[in-house]
Structure formats: C-alpha cells, structure tokens
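See structure below.
Quick note: the coordinates plus some simple rules give every number you see, no bench work behind them. These numbers were taken from a predicted model, which means no experiment stands behind them. Positions of Cβ are generated from backbone atoms using ideal geometry, with glycine treated the same way; all protein chains shown enter the neighbour counts.
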Amino acid sequence: MTATLDRKTWMGILAQAPAKDLDRLWSEQGISPKYTWLRQPEIGAAMVRGRAGGTGAPFNLGEVTVTRCSLQLQSGEVGHAYVQGRNKAKATQAALVDAMMQTEMAGPLATLVLEPLAADRKATQRARASKAAATKVEFFTMARGED
Amino acid sequence: MYVAVKGGERAIDNAHAWLAEERRGDTSVDELSVAQIREQLKLAVNRVMAEGSLYDPDLAALAIKQARGDLIEAIFLIRAYRTTLPRFGATEPVDTGAMACDRRISATFKDAPGGQVLGPTFDYTHRLLDFKLAAEGEVPEAPHAAPREEATPHITEFLNQEGLIQTEPVSDEVPSDLTREPLELPASRALRLQNLTRGDEGFILGMAYSTQRGYARNHAFVGELRIGTCTLEMEVPELGFAIEIGEIELTECETVNQFAGSKTEPPQFTRGYGLVFGQTERKAISMALVDRALRWKELGEDDMGAPAQDEEFVLYHSDNIQATGFLEHIKLPHYVDFQAELELVRRLRREVMGDVQQEAAE
C-alpha cells in the first residue's frame, strides 16, 4: 500500500479518520516536530453540491462545516489540512502528518498511522454494508397448485 | 410605525433565567447530553441539518437541546450560526451512484441489480408502542450477511437504456445560490431544488400530497429510494487538486412519472428528484413529487392551476424560518400601530352611531 500512497490518498485518509483514532495513533509516534503556522486552524463551511436526477446539472444542497489549516516544518515542508467538522486539534494533526509524509518519516507514518486508519475505515464500512446485506429481500414465489 | 420603547429588561432577564430552568426540567432526572441527542434522536438531528442547511450532527444536536426539542427553533439557531462561517468553497457534486447504501428500494423493479435492501426502516413495523423501550436494556446486535462489494447502480439507468425515460442534461454549470442572491422568478431547476431540500418538511409533504390527491396529478412511482453515505471531495486551492474532506449521509429519491409526450418528445417517463441531508426519506420523496410538479412548463404540460405547480407559491412559502419569522413577529409589541387602529374604529363608530342617533331623533 505504501508504494501507491500519494498525497491525495493520505490527505483523504486523514480527513476521514475519527478524531480520537488519529489522535491516538499520532500520539503513539511520540514525535513533536517544530513548525510555524502559515494559516492557523480556522472553522468555516463548504457548499455541498448534488446533481439534478443524480447525473444532471449541479445544484446547491447545503453547507458542511470544515476546518482548515496550513503549517510549515522547520525543515521547510508545508502541510495542509481540510477536514470535515470543527475539530482544530484534528486539523492540526492532519496537517502535521501531511507535512511529515514529505520527509524521511513517510515510511513509518504510512505504516503506523495511515494504514491502520484506512483499515479501520474499511472495517467500519464493511460492518455497515454487511448489516445492510442482511436486510436484502429474498423473493420467492409460492406454488399455486394450478396444474 | 416603530417607536423605541425602553423598559422590560428585568422581565426579559428573568424570563430567560426561567427558560433555562424549564429547559433543564426536573433535576432529579438525569440531564440529556448532546451526544445522546446526536446518537438517539438522529432523525430529529437529520431534519435540523437538512432544513438548517448545515451538515454538522453535533451542532444540530446542541441546537435541539437549546431549543427544548422545538425543531423549527433549532433550525433557526443553525441558520443563524451558518451565517457566521466563512465559506471555503464548494464540493464536487456528490456521486450518489457510488453511495454506500444502508437502504435501497425500488417500487418499480422487483429484481433490480443490487436488490431490495430495507435498511433500518420503520416500514413493516406494527406502529404499536413498545413499552420495552421505557425500560433500559441491551439491544441485540443486528444480523450480518456477506456485504455487497460493488457500487449499487441507479435504477433509472435501466429505463434509460431503452430511451423510455427522459435523460437529465449533463452540465457543469455553477449553480446559483439562494443564500447569496435573492430568489428571482422564474427560478432555474437548480434553485428550485436548493429551495426544496432546505424547505419545511411539513410544507413540502403537504404540497406533495396535494399532487397525489389530484392537484397537478402526475402519478409518481418511487423508481428508487436510497439512503447511505457519500464521500465529499473538494478542490483545495493550495494543492490544485481535489481531496476527500469527509463524508455525509444522504437520502435520494428518484420518481418515475407518466408522461404522454409533447410536440417535441415521444411518450416516455419523466423524473422527479429529491436529495436531502441525512436519513430523511419522507422529505426526499416529497421533494421529488414537488420537483416533478414544478417542471410542468419545461415538459410542455398544461397549467392545471394547482398550488404545487405554482412556483411562486411553493418557493416563497417553503422556508420555515422566513415563515416563522414573519408569523411570530406579530406577537411583538405593536402598541402604536394598534393605537392608530383603535382611534380609527372609535371615530367610525362615532360617525355611524351619531347617524343612528340622529335618525332616531327624526
């Protein structure tokens, strides 16, 4: 997985991670890199769009809360975060991991933080999908005895 | 006429203090936490997010607690909070075809690929009060089965293959936003859909029901109803590409409606569309019916004079915050207005009574 982990993928994993899981896995690494803020964590909104008929022209559905921030490590790498919700600590950790993934720490962070987060998400999704599957209707036709 | 009046500050402060106490209720009963509301009153949370037009379950739960369960008051709180947020941008349109479905049913095709998946539904319950819920207890875990790995296709696609249903014109035009510009008529379909998705559930339901009872009858089938989560992607200016920023739960309803054809179109089915935040299926079905009724002009149908066909009537009365704001303001002091009315009625009475007395004297 590490080989194919690009920035779009890891930023997605970080955004989708439950805050408490990211916090636990990040804390376990025991690293606290020095950084300066390019943009302090800021809470705002993004307009969510849908499409008429599911596939047609876009329309505005409503907004979603988003927290963003940008920081720069002392070694120069810049990390960004755009994450759903209003958790500034989570956004900060996501931006730190994004920045650190551009350093020689990329390998260990992918293995110890990103891969477990991605696996957890998959497991959560699978558990939900399997409950849905259990509610799938199996139709059967009653024998009517007409012959 | 408005005249500044002072006074009442102590009464207002005391009223609000009492409100806080009443909100808490009997202190020998445990206080309700925001997390409890978020997890256990989820459908109320969904309604507040949909009509508050802001997806944030924690905020919606807080608003419900603060509003003492008055959902329109809670929606008002969310709308007010929403206006304080800077907007970072817009997401890519959600791909509902890739939805991770908790529920997916069709009233038109029994054997649709992906099947009829009921999900956590009230349908087929007996609507008898369950007194077991009054006592605390463990809930048994829901059964599992082998999950579907691939995405569930939209059912209208199958009708589309035969050309039996009207296709949705694909575009990437930036839709106008009624939270940024005042609503002007005639409204584009994009504006109508935005208005309906944040409109009052009761109002949209009533309008939809009126079309079923014969006012602008267009006989809708629920081609598909799906509930589940969709990934949100947004283009980030600092990066120059789109990234996932989170995921939201959505309810989507596609109706398939009769259509006899027009001068330019052969007979085919037409569509109504509903898409709403959260698990909100009554609202999504209602939205699809009203969307379809409002499309009469572009489909070359007759104006039956039905309320649900009247874009101005529907779009200007669907918003419960606008409605309640105007409605509830009449309870606030109108002393001077009323004083003028009082004077007028007294004068008219004097004139009429004076005439009567004069007639009696003659």
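Helix B:57-66: angle to the longest alpha-carbon principal axis of chain B, degrees 0 to 90, nearest 10?
For helix B:57-66, the angle is close to 30 degrees.
For A:36-47, what's the mean count of beta carbons from other chains sitting within 10 Å of each residue's beta carbon?
Mean number of neighbouring Cβ atoms from other chains: 4.
Can you give the charge dipole size of the protein assembly as shown about its Cα centre, rounded to the nearest 20 debye, using +1 on the beta carbon of Lys and Arg and -1 on the beta carbon of Asp and Glu?
The dipole magnitude comes to about 640 debye.
For peptide B:98-106, compute the average count of partner chain beta-carbon atoms within 10 Å of each residue's beta-carbon.
2
Can you tell me which aspartates and glutamates have their Cα less than 17 Å from the Cα of A:LYS122? Leave out same-chain residues fewer than eight positions away.
A:ASP21, B:ASP102, B:GLU149, B:GLU150, B:GLU244, B:GLU247, B:GLU249
Where Rh is the Kirkwood radius over the Cα pairs of the range A:2-124, the temperature 20 °C and the viscosity 1.002 mPa s, what D in µm²/s does Stokes-Einstein return?
It comes out at roughly 140 µm²/s.
If each residue of separation counts as 0.36 nm, what is the full-extension length gain between B:GLN161 and B:ASP337 once their alpha-carbon separation is subtracted?
Stretched out fully, the B:GLN161 to B:ASP337 stretch lengthens by 57.0 nm.
How far apart, in nm, are two points set 7 Å out from the Cα along the Cα-to-Cβ line at A:PHE139 and at B:TYR124?
Result for the modelled spin labels: 1.4 nm.
Give the angle, between 0 and 90 degrees and rounded to the nearest 10, that separates the Cα long axis of helix B:9-24 from the longest principal axis of the Cα atoms of chain B.
It works out to around 40 degrees.
Could you work out the relative contact order of the range A:2-77? I mean the mean sequence separation of Cα pairs under 8 Å and 6+ apart, divided by the number of residues, in percent.
It comes to 30 percent, rounded to a whole number.
Do any trypsin sites (Lys or Arg not before Pro) in the range A:6-84 lie in a loop, going by DSSP, with at most 13 other beta-carbon atoms within 10 Å of their beta carbon, and if so which?
Listed in order of number, the matching sites are A:LYS34.
What is the order of B:SER106, A:SER75, fewest Cβ neighbours within 10 Å to most?
A:SER75, B:SER106
Just the Cα atoms of the range B:9-82: what Rg and Dmax do they give in Å?
Using the Cα atoms of the range B:9-82, the pair Rg, Dmax is 13.1, 38 Å.
Less than 12 Å Cβ to Cβ from B:SER33, Lys/Arg counted +1 and Asp/Glu -1: what total charge do the surrounding residues give?
Here the count lands on -2.
Spelling out what I want: for every residue of the range B:71-84, take phi, set θ = phi - 60°, compute 6.51 cos²θ - 1.76 cosθ + 1.60 (Karplus), and round to whole Hz; glycine and proline get x.
After applying 6.51 cos²θ - 1.76 cosθ + 1.60, I find 5, 5, 4, 5, 4, 4, 4, 5, 4, 5, 5, 3, 5, 8 Hz.
Only four residue types carry charge here, +1 at the Cβ of Lys and Arg and -1 at the Cβ of Asp and Glu. Report the dipole size of chain A about the Cα centre in Debye, rounded to the nearest 20.
My answer is approximately 380 debye.
If we count every other residue with Cβ under 13 angstrom of B:LEU205's Cβ, Lys/Arg +1 and Asp/Glu -1, where does the sum land?
Taking every other residue near B:LEU205 into account, the sum is 0.
What dipole magnitude, in Debye to the nearest 20, does the range B:9-82 give about its Cα centre under +1 on Lys/Arg Cβ and -1 on Asp/Glu Cβ?
280
Using DSSP to define loop residues, name the trypsin sites (Lys or Arg not before Pro) in the range B:139-237 whose beta-carbon has at most 11 other beta-carbon atoms within 10 Å.
Here the sparse-neighbourhood loop sites are B:ARG180, B:ARG213.
Mind listing which chymotrypsin sites (Phe, Trp or Tyr not before Pro) in the range B:325-360 are in a DSSP loop and have 10 or fewer other Cβ atoms within 10 Å?
Of the chymotrypsin sites (Phe, Trp or Tyr not before Pro), not one in the loops of the range B:325-360 has a Cβ with at most 10 other Cβ atoms within 10 Å.
State the answer as a single residue: which of A:LEU114, A:ALA15, A:THR36 lies farthest towards the positive end of the charge dipole of the range A:2-124, with beta carbon charges of +1 for Lys and Arg and -1 for Asp and Glu, about the Cα centre.
Result: A:ALA15, furthest along the dipole toward the positive end.
Past 25 Å, Cα to Cα: identify those pairs from A:LYS136/B:LYS283; B:LYS132/B:LYS283; A:LYS131/B:LYS65; A:LYS8/A:LYS131, in the order given.
The answer is B:LYS132/B:LYS283; A:LYS131/B:LYS65; A:LYS8/A:LYS131.
Quick one: 3J(HN,Hα) in Hz for the range B:276-286, Karplus 6.51/-1.76/1.60 with θ = phi - 60°, rounded, Gly and Pro as x.
Coupling constants for the range B:276-286: 9, 4, x, 7, 9, 6, 4, 5, 5, 5, 4 Hz.
Output the relative contact order of chain B, whole-number percent, from Cα pairs under 8 angstrom with separation of 6+ residues.
Relative contact order, chain B: 17 percent.
Helix B:201-212 versus the longest principal axis of chain B: what is the Cα-based angle in degrees, 0 to 90, to the nearest 10?
Between helix and principal axis, roughly 70 degrees.
Between B:ALA135 and B:PHE221, what is the FRET efficiency for a Förster distance of 45 Å, r being their Cβ-Cβ separation, to the nearest 0.05?
So the FRET efficiency works out to roughly 0.60.
Once phi is turned into ³J(HN,Hα) by the Karplus curve 6.51 cos²θ - 1.76 cosθ + 1.60 with θ = phi - 60°, what whole-Hz value does each residue of the range A:56-70 show in order, with x for glycine and proline?
Once rounded to whole Hz, the list reads x, 6, x, 9, 8, 9, x, 9, 9, 6, 9, 10, 10, 6, 9.
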